[in-house]
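Worksheet: the structure to be examined is printed underneath.
The values are calculated or read from the model by the stated rules, or taken from the named source; none is laboratory data. What you see is a predicted model, and the numbers here were worked out from it, not measured in a lab. Ligands, DNA and RNA are stripped out before the accessible areas are found, and what is left, the full protein with its side chains, is counted by its heavy atoms. Shrake-Rupley method; radii C 1.70, N 1.55, O 1.52, S 1.80 Å.
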Amino acid sequence: MAKSELENRWSLHGATALVTGGSKGIGQAIVEELARLGAKVHTCARNQQELDKALQHWQSLKLDVTASVCDVSSRAEREKLMEKVSSLFDGKLNILINNAGTSISKTALEYTEEDYGFVMSTNLESAFHLSQLAHPLLKASGVGSIVFISSVAGLVGIPEGSVYGSTKAAMNQLTRNLAMEWAEDNIRANCIAPGAIITPFLLSYFEAGCGRIPKVENMGIPLGRPGEPLEVATVAAFLCMPASTYITGQVIVVDGGLTMARFIP
C-alpha cells in the first residue's frame, strides 16, 4: 500500500466538523483531536468566557477552530448555529459531534417539570434536531458522519440518574435509527458511551451526590482508573475517518471495563 493511501485513511485533512459543547471536557478534547488530524472545526458553548479561553488555547496550538455561543436547549439558537456552520463551510459538513449535555442530580421524585424539560431539551432534543438540521449539509458533503456522545448511564442504572439515563438510552437508539434511515445518503451514525471520565461534568456530578470523588478502588473499574477525555476523543475521531467507513449504527462503550464488570454475577 502506498504511503499516501495509508495517510489518507487515518487523516481528516480537508474535512469540516461541528462539535457541540466544545469548550471543556470531552468536547474540548474532541475539537483538538479532529483539528490535529486536519479537520476545520466549529464548536459552540453557552459561556462566552469559556469559549474565549478555549479559543486562545487553540490559537496557541495553531489549530483551525472557530466558535460561537449557543445554548443547544433552545431551538432558535440551534437553527442559528447551523446557519452559521453552513455559511462557514459553504453548505457542506462532513462531521457532526453531538456532545453537549447536562444533568441535574435529583431523585426521580424530586424532579420538577422544569428540570425534566431542561435535561431532555439539552441532551436528546438538541441531538435529534441538530442532526435534522445538519442532514442536508452532511448529504451535500458526499461523506457524512454523526457521532453522539452518550453515557454508560444509558446502559446501566446510576444513582439520581433517571432522566439523564433516559436521554442517553434514547440517544443510543436514535443512533441505530438514523444509521438505517440515512445510509442511502452516505451518512453514518455512531455513538460513544463513556464511563467515568475526568471532566468538570463528572466532578460536579460527584460533588452534588456525595461531596467528593469516590476512591478508585471503590469505583469498580477493571482497568483501575477513571478515563481521560482524550481516550474518548480518539474513538470519536476514528469513527469519522475513512478507516471506519463500514462502521455505522454502533454504540461503543469507553469505560475501562466498568459496565462489563457490573454485568458479571
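Cross-link pairs exceeding 32 Å in C-alpha to C-alpha distance, out of Lys40/Lys106; Lys24/Lys84; Lys24/Lys139, comprise Lys40/Lys106. When the alpha-carbon atoms of the stretch 1-67 are used, the pair Rg, Dmax equals 13.1, 47 angstrom. Between the stretch 233-261 and the stretch 1-39, the alpha-carbon centres lie 15 Å apart.
Pairs of alpha carbons in the stretch 124-166 separated by more than 11 Å make up 70% of all such pairs. Couplings 3J(HN,Hα) of the stretch 48-58, computed from phi: 5, 5, 5, 5, 4, 5, 5, 4, 4, 5, 5 Hz, in residue order, whole Hz [Karplus 6.51 cos²θ - 1.76 cosθ + 1.60, θ = phi - 60°; x for Gly and Pro]. A cut-off of 5 Å between modelled amide H atoms, ignoring neighbours fewer than 5 places along the same chain, links Ser145 with Ile95, Leu96, Arg188.
Each stretch of four or more DSSP H residues adds -39500 (n - 2.57); spread over every residue of the chain, this sum gives -14000 deg cm²/dmol at 222 nm. Using θ = phi - 60° in the Karplus curve 6.51 cos²θ - 1.76 cosθ + 1.60, the 3J(HN,Hα) couplings for the stretch 33-38 round to 5, 4, 5, 5, 8, x Hz; x is entered for Gly and Pro. Computed from phi, the 3J(HN,Hα) profile of the stretch 243-254 under the Karplus parametrisation 6.51, -1.76, 1.60 (θ = phi - 60°) reads 5, 10, 5, 10, 10, 7, x, 9, 10, 9, 8, 10 Hz, with x in place of Gly and Pro. Fraction of C-alpha pairs exceeding 21 angstrom in the stretch 39-194: 49 percent, rounded to a whole number.
Our analysis of the stretch 132-193 gives Rg over Rh at 1.09, with the two radii drawn from alpha carbon positions and Rh computed by the Kirkwood formula.
Ordered from largest to smallest accessible area (heavy atoms of protein chains, 1.4 Å probe), the residues Arg36, Arg225 come out as Arg36, Arg225.
The residues Val147, Val69, sorted by heavy-atom accessible surface at 1.4 Å with ligands and nucleic acids left out, run Val69, Val147 from largest to smallest. For Val254, the amide hydrogen comes within under 5 Å of the amide hydrogens of Ala193, Gly195, counting only partners 5 or more places away or on other chains and with H modelled in the peptide plane.
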